[in-house]
1. Relative to the present Cα-Cα distance, how much length would full extension add between Asn63 and Trp46 at 0.36 nm per residue of separation?
2. Amide H to amide H under 5 Å from Leu28: which residues, 5+ apart in sequence or cross-chain, H placed 1.01 Å off N in plane?
3. Which of these, Asn14, Asn23, Asn63, has the largest mean-square fluctuation under a Gaussian network model of the chain (Cα springs below 10 Å)?
4. Which trypsin sites (Lys or Arg not before Pro) does segment 1-109 hold that lie in a coil by DSSP with at most 15 other beta carbons within 10 Å?
5. For helix 71-83, what angle does its Cα long axis make with the longest principal axis of the chain, in degrees from 0 to 90 and rounded to 10?
6. Among bridges DSSP assigns within segment 13-115, what percent are antiparallel (round to 5)?
7. Treat each spin label as a single point 7 Å out from the Cα along the C-beta direction, and report the Arg17 to Thr83 distance in nm.
8. Viscosity 0.692 mPa s, temperature 37 °C: Stokes-Einstein D of the chain from its Kirkwood Cα radius, in µm² per second?
Amino acid sequence: MKGFSMGYDILLSNATRDVVLTNGDLILSDGLARVRQEIGITLRAWRGEWFLDLDFGIPYLQNVLVKEPQRVVLQSIFAAAITSVPDVEAIESLTATLDRPSRTLSIVFSARTRFGMVSDIIPLGIGGA
């Protein structure tokens, strides 16, 4: 059984994903904002990228950025990543859309968390990484 987190996270800017500082102080996020941010971090992480846990992240090279990606495999990978985030209870909707001309993959999701519903669009790739 997956536990829940009562933790905080360092707030990242939605626009730049840089750490947010106010008067030189770190700003923390919690609740729904923290869950949304952690889902985005999880979906943007490449498997093997984080040296402390080489299994963390999405297997982009192995399963996503392949010549003929299988939609059911992609849905399964992204669903597992989202539900791995602490405090996510269930996925209500999940769509992965590939825009070949812009070389962008957009993940649109809605998930139920212990804090309420969270929805977001996560653009990945040349146009949104």
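1. On the way: separation 17, 0.36 × 17 = 6.12 nm, distance 1.13 nm.
Length gained between Asn63 and Trp46: 5.0 nm.
2. Excluding prolines and chain starts, which carry no amide H, the hits are Leu11.
3. Asn23
4. Working: sites: Lys2, Arg17, Arg34, Arg36, Arg44, Arg47, Lys67, Arg71, Arg103; in loops: Lys2, Arg17, Arg47, Lys67, Arg103.
Passing both the DSSP loop test and the Cβ count: Lys2, Arg17, Lys67, Arg103.
5. For 71-83 against the chain, the angle is about 10 degrees.
6. On the way: 12 of 13 bridges.
Antiparallel bridges make up about 90 percent of those DSSP assigns within segment 13-115.
7. 2.5
8. Details: Rh = 15.5 Å.
Answer from the Stokes-Einstein relation: 211 µm²/s.
Bear in mind these aren't lab numbers, they're just calculated from the coordinates by the rules spelled out. Quick caveat: nothing in here was measured; it's all calculated off a predicted structure. Note that we place each Cβ from the backbone using ideal geometry, even for glycine, and neighbour counts take in every protein chain shown.
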